Amino acid sequence: MKQAKFKTLQFLVFMMAIACFLGLGKAKFCSNSLISSLVQLIPCRPALSPFHPIPPSLLCCNAIKTLGQSCLCALLDAPPVSGVDYNLAMSLPQKCATNFDPCF
């Protein structure tokens, strides 16, 4: 009987830890898939090139605004993409005059 209560207590503590861990993440959820978000940012590719980046275009800035902060942050949390400078990606919202909070 004591062992069953102990296992139940362990399970509850584990679930609370998971809930707390998930609560530390972003407040908003990105409903796009990673691939969908990357495709949406295709107009930003020249502005994200590690070699000779150019200022973001109007199409890029519209894509950033449409994508939203939660999806942009999710992309920055994802594995690296070849040819994309993540430091430049972090600066796109500011360059596009969007009022996103920092991801990290």
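The values are calculated or read from the model by the stated rules, or taken from the named source; none is laboratory data. No experiment lies behind these values; they were computed from the predicted model shown. Positions of Cβ are generated from backbone atoms using ideal geometry, with glycine treated the same way; all protein chains shown enter the neighbour counts. Please note that ligands, DNA and RNA were not included when accessible areas were found on the heavy atoms of the full protein model with its side chains. Shrake-Rupley method; radii C 1.70, N 1.55, O 1.52, S 1.80 Å.
Below are the figures for this structure:
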read-out	value
Subset of region 89-100 that is closer than 12 Å to Cys44 by Cα and over 14 Å from the mean Cα position of the chain (by Cα) - its residue that is most open to solvent (accessible area, probe 1.4 Å)	Lys95
Test: residue in region 76-87 that is at pLDDT 85 or above and touching a Cys at 6+ places or on another chain (Cβ under 6 Å)	no
Residue match in region 8-28 (condition: at pLDDT 80 or above and either under 14 Å from the mean Cα position of the chain (by Cα) or hydroxyl-bearing (Ser, Thr, Tyr) (or both))	no
Positions within region 45-87 being within 16 Å of the chain's Cα centre (by Cα) and open to solvent by 30 Å² or more (accessible area, probe 1.4 Å), in sequence order	Lys65, Thr66, Gln69, Ala74, Asp77, Pro79, Pro80, Val81, Val84, Asp85, Tyr86, Asn87
Test result for Ser33, out of contact with any Cys (no Cβ under 6 Å at 6 or more places or on another chain) and at pLDDT 90 or above	no
